[in-house]
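In what follows, a structure is listed as structure tokens, so that the remarks can point back to it.
The values are calculated or read from the model by the stated rules, or taken from the named source; none is laboratory data. Since this is a predicted model, take the numbers as computed values, not measurements. FYI the Cβ positions are ideal-geometry reconstructions off the backbone, even for glycines, and counts take in every protein chain you see.
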Amino acid sequence: MDIQNVCVIGAGIMGSGIAQLLAIHGINVNLVDINDQILIKVKNVIDNNLQKFYIAKNKISKEEAEKILNRINLFVNREEAIKDVQMVIEAIFEDMDLKQELFADLDAQCNKDVILASNTSSLSITDIALKSINQERIIGIHFFNPAPVMKLIELIKGKKTSDEIVKKSTLFSERLNKTVVTVNDTPGFVTTRLIYVLCNEAINLLTQGIASAKDIDTACKLAFNFPMGPLELSDLVGNDIYNHIGVYLEKELGKNYQPSALLQKMVSEGLLGRKTGKGFYEY
């Protein structure tokens, strides 16, 4: 199946990045969110990204940028947006109930051959699909932020995801010039489970007074050749996001994944990182 038309539901940081990535690779995108103001703002951000990171660096022409933007269509009406697409990619908030309800609706509304994909970074694909009838066509396609830049896609096969859907999703992902890893379904998959443990343990080290935030991050960057330290990364992703992941992993996998008390305290005080101007660092 040649995937030329994709619906992306959710125009946040990940959804907008996925939409930009797909449009750059010649795919028509129906981008869905709750109101026109959000969608127009996001399309302006994508326009600015193309100007700053592509046109200014002579990677594409102004004419090519205009074609890319024209491939992104904005929708508030989800039922209209899913017409005539070959894939739907969900990129909404990490809430199991919301995702289960959305996928059940999509499964009932979309043609049987449409691939239904979640960009979740931690929630079980098997559980997301539980309320859907055609669970074999539901898969996890985990992009990384920023989606147009990061080379990895983590494909997650739910217990009922068919081999055919995995194959089609792999070919689709490789067409985006990404390296694909395929993992069997488990909370946190490979990447989120590992990075959460690292970030959470770094917060524990800070709590115990072992080293300063800067020194912890510097040690990780220089010892492991990381581009960013774990506390910097937590601030970038959002400390609330990591806390949310930790609560879910603890529930599913046990006490070893319990979020640090300091992380929980910071979230309760609104110290979420870059998006609030203060977290482990000030911005």
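Based on what the data block shows, is Ile13 in the same structural domain as Val76 (by TED's automatic domain parsing) and surrounded by 22 or more Cβ atoms within 10 Å (Cβ to Cβ)?
No; evaluated as a whole, the condition is false for this residue.
Starting from residues that are in a helix (DSSP H, G or I) and acidic (Asp, Glu), keep the ones in segment 29-54 and report whichever is surrounded by the most Cβ atoms within 10 Å (Cβ to Cβ).
For segment 29-54, the residue satisfying everything is Asp47.
Looking only at segment 252-269, decide whether some residue is more than 18 Å from Asp217 (Cβ to Cβ), surrounded by 14 or more Cβ atoms within 10 Å (Cβ to Cβ) and among the aromatic types (Phe, Trp, Tyr).
Within segment 252-269 (the criterion being more than 18 Å from Asp217 (Cβ to Cβ), surrounded by 14 or more Cβ atoms within 10 Å (Cβ to Cβ) and among the aromatic types (Phe, Trp, Tyr)), the answer is yes, since at least one residue qualifies.
Among the residues in segment 158-174, are any within 18 Å of the chain's Cα centre (by Cα), farther than 23 Å from Gly12 by Cβ and surrounded by fewer than 14 Cβ atoms within 10 Å (Cβ to Cβ)?
yes
Can you find a residue in segment 145-154 that is part of a loop (DSSP other than H, G, I, E, B), of a type in the set (A, V, I, L, M, F, W, C), over 15 Å from Ile18 (Cα atoms) and touching a residue at least 24 places away in the same chain (Cβ under 8 Å)?
no
Residue check, Arg193 against (1) within 19 Å of Ser234 (Cα to Cα); (2) out of contact with any Leu (no Cβ under 8 Å at 6 or more places or on another chain), all met but one. Which one?
(2)
Filter segment 55-92 down to the residues that are in contact with a strand residue (DSSP E or B) (Cβ under 7 Å, 6 or more places away or on another chain) and either more than 22 Å from Asp36 (Cα to Cα) or not in a loop (DSSP other than H, G, I, E, B) (or both) and list them by number.
Across segment 55-92, the qualifying residues are Ile72, Asn73, Leu74, Phe75, Arg78, Ala81, Gln86, Met87, Val88, Ile89, Glu90.
Looking only at residues that are surrounded by 14 or more Cβ atoms within 10 Å (Cβ to Cβ) and acidic (Asp, Glu) in segment 212-251, which one is nearest to Ile128 (Cα to Cα)?
Taking the candidates together, the pick is Glu250.
Out of all the residues in segment 101-114, is one or more among the aliphatic types (A, V, I, L, M) and part of a loop (DSSP other than H, G, I, E, B)?
Yes: segment 101-114 contains one or more residues that are among the aliphatic types (A, V, I, L, M) and part of a loop (DSSP other than H, G, I, E, B).
Does segment 77-85 contain at least one residue that is surrounded by 15 or more Cβ atoms within 10 Å (Cβ to Cβ) and farther than 30 Å from Ala129 by Cα?
no
Does Gly209 meet the test of being assigned to a loop (DSSP other than H, G, I, E, B), surrounded by fewer than 16 Cβ atoms within 10 Å (Cβ to Cβ) and on the phi > 0 side of the Ramachandran plot? Can you show your working first?
Working: assigned to a loop (DSSP other than H, G, I, E, B): yes; surrounded by fewer than 16 Cβ atoms within 10 Å (Cβ to Cβ): yes; on the phi > 0 side of the Ramachandran plot: yes.
Yes: the conditions hold for Gly209.
Condition first: out of contact with any helix residue (DSSP H, G or I) (no Cβ under 7 Å at 6 or more places or on another chain) and buried (at least 19 other Cβ atoms within 10 Å of the Cβ). Now tell me which residues in segment 88-112 satisfy that.
In the first step, residues of segment 88-112 are kept if they are out of contact with any helix residue (DSSP H, G or I) (no Cβ under 7 Å at 6 or more places or on another chain); the result is 93, 95, 97-98, 101-102, 104-108, 110-112.
Correct list: Leu102, Leu106, Asp107, Cys110.
Those residues that are buried (at least 17 other Cβ atoms within 10 Å of the Cβ) and either assigned to a loop (DSSP other than H, G, I, E, B) or charged (D, E, K, R) (or both), I need them from segment 175-192; list them, please.
Once the filter is applied, which keeps residues that are buried (at least 17 other Cβ atoms within 10 Å of the Cβ) and either assigned to a loop (DSSP other than H, G, I, E, B) or charged (D, E, K, R) (or both), segment 175-192 yields Leu176, Lys178, Asp185, Pro187, Gly188, Phe189.
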